[in-house]
Amino acid sequence: MCEYLAVPIEQVHRLPDDMDLRLAACIEPLSIGLQACRRGRVKQGETVAIIGAGTIGLAALHMAVALGAHVAISDALQPRLDLARGFGAEVTVNVQEEDFGRAVAQWSGGEGANVVIEAVGSAATIRQSLELVSAAGRVVLVGWLWEDVPLPASEFVKKEIDFLGSRMNANLFPQVIEMLAAGKVNPALMITHEFPLSEAKAAFELASGQPEAAVKVLLLP
């Protein structure tokens, strides 16, 4: 935190004068969600299954819906799934109560999802992504996992799966700013808490300690 900083000019993006700065704070996660959709080549009318309704999972959902896809999403926290409904998810599954694989199979008519975006980063959900995806489908791994994960190689061959990594925003800030300005996306529901800068410690504690309540926590001057 500082009063002044210097950054390369190509990393600075001008916002429209009338843009709500609270929404502008969501540009970074939205750009990561958009990159995940780009990596998965999400197209209008396709089915997309997203594992994990955290900030990045919700951002990917928001972008997939904006691109015209049909989306199902899973999580273990019901408040996040309630937000997902508000963002246009057709199917929301609480994995503590229901099997996501069964729900996706029923929703997709037994074909599986054209694109699966894994936004959790666990061995179990990475393996599950291969089960959820359709034949000739695409799996996009966004969740971070620092350990090796054994995967069934036969599934890659049998289904002809594309397995893709997605990590950053790939210079997509300008596109997301345009989408926000045009009203194609509205991430207001992602902002669950706002704190003054003087309460930064409490904000970080909430964000890290109460995942069931916090999605996007803002620090305001």
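Each value in this text was obtained by applying a stated rule to the coordinates, not by laboratory testing. Nothing here was measured: the structure is a model prediction, and the numbers come from that model. Counting neighbours? That spans all protein chains shown, and the Cβs are built from the backbone with ideal geometry, glycine included.
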³J(HN,Hα), Karplus 6.51/-1.76/1.60, whole Hz, each residue of the stretch 164-181, x for Gly, Pro: 10, x, 8, 10, 10, 9, 6, 6, 9, 3, x, 5, 5, 4, 5, 5, 5, 5
Amide H within-cut-off set for Ile73, under 5 Å, with H built and near neighbours excluded: Ile50, Val91, Thr92, Val93
GluC sites (Glu not before Pro) within the stretch 141-221, DSSP loop, no more than 15 other Cβ atoms inside 10 Å: Glu147, Glu160, Glu212
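If I take every Cα pair under 8 Å that is 6 or more residues apart in the chain, average their sequence separation and divide by the length, what percent do I get for the relative contact order? All intermediate terms of the calculation are to be shown ahead of the outcome.
Numbers: 402 pairs, mean separation 46.1, N = 221.
RCO, the chain: 21 percent.
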Angstrom value of the Kirkwood radius, inverse mean 1/r, which spans all Cα pairs in the stretch 99-139: 10.1 Å
Shape of the stretch 23-165, Cα gyration tensor, a/c cut at 1.5: rounded
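Counting other beta carbons within 10 Å of each residue's own, what order do His62, His70, His193 fall into, fewest first?
Details: His62 28, His70 20, His193 16.
Taking fewest neighbouring Cβ atoms as first place, the list is His193, His70, His62.
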Whole-Å distance, taken between Cα centres, linking the stretch 163-221 and the stretch 32-49: 20 Å
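Which whole-number percent is the relative contact order of the stretch 11-100 (Cα, under 8 Å, 6+ apart)?
Once normalised by length, the contact order is 23 percent.
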Order of Met19, Met63, Met179, Met168 under a 10 Å beta carbon neighbour criterion, fewest first: Met168, Met19, Met179, Met63
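Count the net charge of all other residues whose Cβ sits under 12 Å from the Cβ of Ala170, scoring Lys and Arg as +1 and Asp and Glu as -1.
Net local charge, Ala170 excluded: +3.
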Beta bridge orientation in the chain: antiparallel %, DSSP, nearest 5: 0 percent
Sequence of Trp144, Trp107 once ranked by neighbouring C-beta atoms within 10 Å, starting from the fewest: Trp144, Trp107
